[in-house]
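Please read the structure below before turning to the comments.
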Protein chains: 4
Amino acid sequence: MNKFVAEFLGTGFLFCAVVGSGIMGEQLSTANDSLTLLVNTLATVFALYFLISVFQAFSAHFNPVVSFIFYLKGEITGKTFLTFSFFQILGAITGVILANYMFELDPVCFSQKEREGTNIFVSEIFATFGLLLVILLSSKDRVASVVAAYIGGAYWFTSSTSFANPAGAIGRSFSNTFAGINPDDVALFCLAQFIGALLAYFLYRFCFAGNSITSSE
Amino acid sequence: MNKFVAEFLGTGFLFCAVVGSGIMGEQLSTANDSLTLLVNTLATVFALYFLISVFQAFSAHFNPVVSFIFYLKGEITGKTFLTFSFFQILGAITGVILANYMFELDPVCFSQKEREGTNIFVSEIFATFGLLLVILLSSKDRVASVVAAYIGGAYWFTSSTSFANPAGAIGRSFSNTFAGINPDDVALFCLAQFIGALLAYFLYRFCFAGNSITSSE
Amino acid sequence: MNKFVAEFLGTGFLFCAVVGSGIMGEQLSTANDSLTLLVNTLATVFALYFLISVFQAFSAHFNPVVSFIFYLKGEITGKTFLTFSFFQILGAITGVILANYMFELDPVCFSQKEREGTNIFVSEIFATFGLLLVILLSSKDRVASVVAAYIGGAYWFTSSTSFANPAGAIGRSFSNTFAGINPDDVALFCLAQFIGALLAYFLYRFCFAGNSITSSE
Amino acid sequence: MNKFVAEFLGTGFLFCAVVGSGIMGEQLSTANDSLTLLVNTLATVFALYFLISVFQAFSAHFNPVVSFIFYLKGEITGKTFLTFSFFQILGAITGVILANYMFELDPVCFSQKEREGTNIFVSEIFATFGLLLVILLSSKDRVASVVAAYIGGAYWFTSSTSFANPAGAIGRSFSNTFAGINPDDVALFCLAQFIGALLAYFLYRFCFAGNSITSSE
């Protein structure tokens, strides 16, 4: 049972951090998107590091495509994958609503930020491909710092700012702020994320699995 | 005895860092609060990391609500909790006065920065809830980096900028600068912090204690 | 075989990160090169950390002069050095083209950014000397964080911004953006890099090899 | 013998990083001292981390007051302390001259930046007190990250920006740039540094030595 609480709390804190730091950055900066994305990046990196470190002993996917790949690897059942996804999405939405509330915005205000175009779609495939490859090849000891570092880089080197997480894409549509996404664009983001995750899994299977001296579990 | 010195020195350095870096940021920046909060964050993250790493072998709570929860867990006596709190508050005030002095301000100048409102109160409950949950679930080996990362994120994803420490709230009222807080607002901050800490402790007790493969002590 | 895939993927991700974060920084910043170099630095540091951590179990040179020095040390054959170099250069070019594409630029647009002068040449010798010395003296356990930290510093303390990598110099000539380099200047950069690497290797051989309690392999 | 090379190279790289990143920050920023001190901080943190990690197996004081305290502790002889100090000062000056050269400044241009006043003097005592306390209490395994974090914080929470190093104070007088110091102010800085170091050593001796489960050596 505490696995579900861990997935709910972890994903909740994570997207509270992603959206809240974006709001704080916007409220403080004087029209400088670069500085806002920088503080958004640092808050997300810090959040990923402490959340994975702390909840790893229970469960620390915080991401339906991560749970999906562990289901394909046979480490969790299909039912666990679905239950995890439910708690992850619930957590992400709750975290975003809490962020809106703390910063005196309407608890729910759907985003009007359009994130569209073929290059954004490819960027999101690439971002999720990288995230899953990194997770599949990380040692358990380093996964917190490695995943945090990956996202810290990928916020800047992909044009979609690396959502790489369907629960995050859904949750971020609930806030019309810096880190938001128009609800109309969420479905394509999720599609891109599953494609990227599958590509990483296949590459891992055919090229790296078995030879690695480290283990993802 | 060196436990008390450690709590005094550690809390002193910590709030000298919090307040001093805010002053430095204000004196250098050209009216950009975002950049000032960023350097304030980094200085605090660095300070927490080196202070916990260095004083952990003696005692490294630096925070009355942390000592209170370890008292509830039965790891320290009520008298130790009170003595620790005394040295923590004394340390925080001393550190803030030293910061004021180093930057050529009046050693004591009470803050006029209002930090009020229901959403700030809820934010402070949430911030302290997160901090204590993270401390209770951290392995001893990682607690320095995990706590530093938590505060580094929470400065940005909570609207109260995560004081999460009654000694800090009291100390920060002694400086009318970036990181200050109006003395009138300190009591409600402390109340919110104890509520948040108790919520974390109850969640830990009912959900995570016993199952964790890591230990908070 | 997976060694070659690791070198290709790692170098590809690395220079996608270097170039992509430069483009993102330029597109977001309002004419502030300092902030752009800062985000460029952080993205590169994060990328080096996760890439070396993850691919270290296979192969993680990502740099022909690094492979060359390991060839001189007798750890890889001349043929492996040449094959690694091929995949590293191919990876760097692919990563840069992908970055251009994701940010809606022409996939290939050669850089017009001149990087010339004796002091730049000396800077690049010094930068590569430092990188190789650091790699030769690092323990395997710390090489990811040490190399990331080295480059994070060297981006700022050398006037050439520490390319220190022939594959990177070639790849970065394919993007007319912040991190680019005019193709005419690539050859001298590569020469400087080999000189710096050899100086580090000779210093290591005559002064530190044998006495080190750590091992580079 | 490689101990002396390590002290020379390490101190050289360190103050090349301190001064060079200050020059780069000044050349890029548009009159924003806060951003320049931020990049100066990050470059110094990265440099301390990789230099201590890499040269620790040989010798990694890079600072005459650090060597002096280890002499008082009986870990090195008086002659070694003097030889180390010589190589540290030579390294710092060489590193600063190299930084000046790489950025196309006159190799030697003495600083006109005044750093005076009682509060600056007290700040420098406090800064060095903290640095030495941290070094004396660090485990060997963590000393690189702990010292880097200490300086990263102290650059911001002391009004003297924590020189905390006589070799550094001398070296930094050779560059009339951001990180420089007027040669006339160097002697008082060195005095403050020895006072701070002695205070830390006495506190360590009377309060923490013997009880620590960690060891500074």
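The values are calculated or read from the model by the stated rules, or taken from the named source; none is laboratory data. Note that the structure is predicted; figures quoted are calculated from it, not measured. With ideal geometry, Cβ positions are generated from the backbone for all residues, glycine too; neighbour counts draw on all protein chains shown.
Within the stretch D:81-100, the residues that satisfy the criterion of being away from chain C (no Cβ under 14 Å) and in contact (Cβ under 8 Å) with a residue 40 or more places away in the chain are D:Thr83, D:Phe84, D:Ser85, D:Gln88, D:Ile89, D:Leu90, D:Ile93. For B:Thr214, the conditions (1) at pLDDT 95 or above; (2) among the hydroxyl-bearing types (Ser, Thr, Tyr); (3) over 14 Å from the mean Cα position of the chain (by Cα) are fulfilled apart from (1). Exactly one residue among C:Phe55, C:Phe103, C:Phe62 is touching a Ser or Thr at 6+ places or on another chain (Cβ under 7 Å) and within 18 Å of C:Leu131 (Cβ to Cβ), and that residue is C:Phe62. Exactly one residue among C:Phe178, C:Phe194 is touching a residue at least 24 places away in the same chain (Cβ under 8 Å), over 17 Å from C:Glu116 (Cβ atoms), in a helix (DSSP H, G or I) and not acidic (Asp, Glu), and that residue is C:Phe194. Annotation: C:Thr80 fulfils all but one of (1) over 18 Å from the mean Cα position of the chain (by Cα); (2) under 26 Å from D:Phe58 (Cα atoms); the unmet one is (2). Identify all residues within the stretch D:104-140 that are more than 9 Å from every other protein chain (Cβ to nearest Cβ), of a type in the set (Gly, Ala, Ser) and over 16 Å from the mean Cα position of the chain (by Cα); write none if there are none. Matches in the stretch D:104-140: D:Ser111 only. Candidates B:Ala209, B:Ala179, B:Ala169, B:Ala144: the one that is of a type in the set (A, V, I, L, M, F, W, C), closer than 24 Å to A:Val54 by Cβ and surrounded by 24 or more Cβ atoms within 10 Å (Cβ to Cβ) is B:Ala144.
Residues that are touching a helix residue (DSSP H, G or I) at 6+ places or on another chain (Cβ under 9 Å) and not in a helix (DSSP H, G or I) within the stretch A:1-39 comprise A:Met1, A:Ser29, A:Thr30, A:Asn32, listed in sequence order. Is there a residue in the stretch D:104-113 that is farther than 25 Å from B:Leu48 by Cβ and either crowded, with 24+ Cβ neighbours inside 10 Å or of a type in the set (Phe, Trp, Tyr) (or both)? Looking through the stretch D:104-113, at least one residue is farther than 25 Å from B:Leu48 by Cβ and either crowded, with 24+ Cβ neighbours inside 10 Å or of a type in the set (Phe, Trp, Tyr) (or both).
Being buried (at least 24 other Cβ atoms within 10 Å of the Cβ), modelled with pLDDT of 95 or more, within 10 Å of chain C (Cβ to nearest Cβ) and touching a helix residue (DSSP H, G or I) at 6+ places or on another chain (Cβ under 8 Å) is a property that D:Phe46 has.
When B:Ser139, B:Ser160 are checked against the criterion of being surrounded by fewer than 22 Cβ atoms within 10 Å (Cβ to Cβ) and within 24 Å of B:Phe46 (Cβ to Cβ), B:Ser139 stands alone in meeting it.
Only residues that are part of a loop (DSSP other than H, G, I, E, B) and touching a residue at least 12 places away in the same chain (Cβ under 8 Å): list them for the stretch A:101-121, please. Show your work before the answer.
Within the stretch A:101-121, the subset part of a loop (DSSP other than H, G, I, E, B) is A:103-108, A:110-117.
Matches in the stretch A:101-121: A:Phe103, A:Leu105, A:Val108, A:Phe110, A:Ser111, A:Gln112, A:Lys113, A:Glu114, A:Arg115, A:Glu116.
Being crowded, with 20+ Cβ neighbours inside 10 Å, touching a helix residue (DSSP H, G or I) at 6+ places or on another chain (Cβ under 9 Å), of a type in the set (Asp, Glu) and touching a residue at least 40 places away in the same chain (Cβ under 8 Å) is the requirement here; does D:Glu124 meet it? Yes: the conditions hold for D:Glu124.
For the stretch C:196-206, the condition of being buried (at least 23 other Cβ atoms within 10 Å of the Cβ) and either facing another protein chain (nearest Cβ under 10 Å) or of a type in the set (D, E, K, R) (or both) holds for none of the residues.
For the stretch A:143-160, what are the residues that are under 30 Å from B:Val143 (Cα atoms) and in contact (Cβ under 8 Å) with a residue 40 or more places away in the chain? Hits for the stretch A:143-160 are A:Val143, A:Ala144, A:Ser145, A:Val147, A:Ala148, A:Ala149, A:Ile151, A:Gly152, A:Tyr155, A:Trp156.
Here C:Ser34 passes the criteria (1) facing chain A (nearest Cβ under 10 Å); (2) within 25 Å of C:Leu105 (Cα to Cα); (3) of a type outside the set (A, V, I, L, M, F, W, C); (4) surrounded by fewer than 23 Cβ atoms within 10 Å (Cβ to Cβ) except the one numbered (1).
Could you run through the stretch A:49-63 and say how many residues are surrounded by 24 or more Cβ atoms within 10 Å (Cβ to Cβ) and assigned to a loop (DSSP other than H, G, I, E, B)? Can you show your working first?
Filtering the stretch A:49-63 for residues surrounded by 24 or more Cβ atoms within 10 Å (Cβ to Cβ) gives A:49-51, A:53-55, A:61-63.
Among the residues that remain, those that are also assigned to a loop (DSSP other than H, G, I, E, B) are: A:61-63.
Residues in the stretch A:49-63 being surrounded by 24 or more Cβ atoms within 10 Å (Cβ to Cβ) and assigned to a loop (DSSP other than H, G, I, E, B): 3 in total.
Here B:Val66 fulfils each of the conditions (1) in contact (Cβ under 8 Å) with a residue 60 or more places away in the chain; (2) in a helix (DSSP H, G or I); (3) over 14 Å from B:Gly168 (Cβ atoms); (4) away from chain D (no Cβ under 14 Å) apart from (3). Of the residues making up the stretch C:26-46, those that are without any contact (Cβ under 8 Å) to a residue 40 or more places away in the chain and of a type in the set (A, V, I, L, M, F, W, C) are C:Leu28, C:Ala31, C:Leu35, C:Leu38, C:Val39, C:Ala43. Which numbered condition in (1) buried (at least 24 other Cβ atoms within 10 Å of the Cβ); (2) farther than 27 Å from C:Ser145 by Cβ; (3) in contact (Cβ under 8 Å) with a residue 60 or more places away in the chain is the only one that D:Leu188 fails? The failed condition is (1). Would you pick out the residues in the stretch A:156-175 that are not polar (S, T, N, Q) and not in a loop (DSSP other than H, G, I, E, B)? Listed by number, the residues that qualify are A:Trp156, A:Phe157, A:Pro166, A:Ala167, A:Gly168, A:Ala169, A:Ile170, A:Gly171, A:Arg172.
Considering only residues that are within 7 Å of another protein chain (Cβ to nearest Cβ) and surrounded by fewer than 24 Cβ atoms within 10 Å (Cβ to Cβ), look in the stretch D:1-31 and name the one that is farthest from C:Ser138 (Cα to Cα). Working first, answer last.
The first filter runs over the stretch D:1-31 and keeps only residues within 7 Å of another protein chain (Cβ to nearest Cβ), leaving D:2, D:5, D:13, D:16-17, D:20-21, D:24-25, D:28-30.
Those still in the list that are surrounded by fewer than 24 Cβ atoms within 10 Å (Cβ to Cβ) too: D:2, D:5, D:28-30.
Working: D:Asn2: 16, D:Val5: 17, D:Leu28: 32, D:Ser29: 34, D:Thr30: 37 Å.
Restricting to residues being within 7 Å of another protein chain (Cβ to nearest Cβ) and surrounded by fewer than 24 Cβ atoms within 10 Å (Cβ to Cβ), the top hit is D:Thr30.
Would you confirm, using the coordinates I've provided, whether A:Ser139 is small (Gly, Ala, Ser) and not in a helix (DSSP H, G or I)? Full working, then the answer.
Values: small (Gly, Ala, Ser): yes; not in a helix (DSSP H, G or I): yes.
Yes.
Has the stretch A:176-190 got any residue that is within 14 Å of chain C (Cβ to nearest Cβ) and of a type in the set (Ser, Thr, Tyr)? Among the residues of the stretch A:176-190, not one is within 14 Å of chain C (Cβ to nearest Cβ) and of a type in the set (Ser, Thr, Tyr), which makes the answer no.
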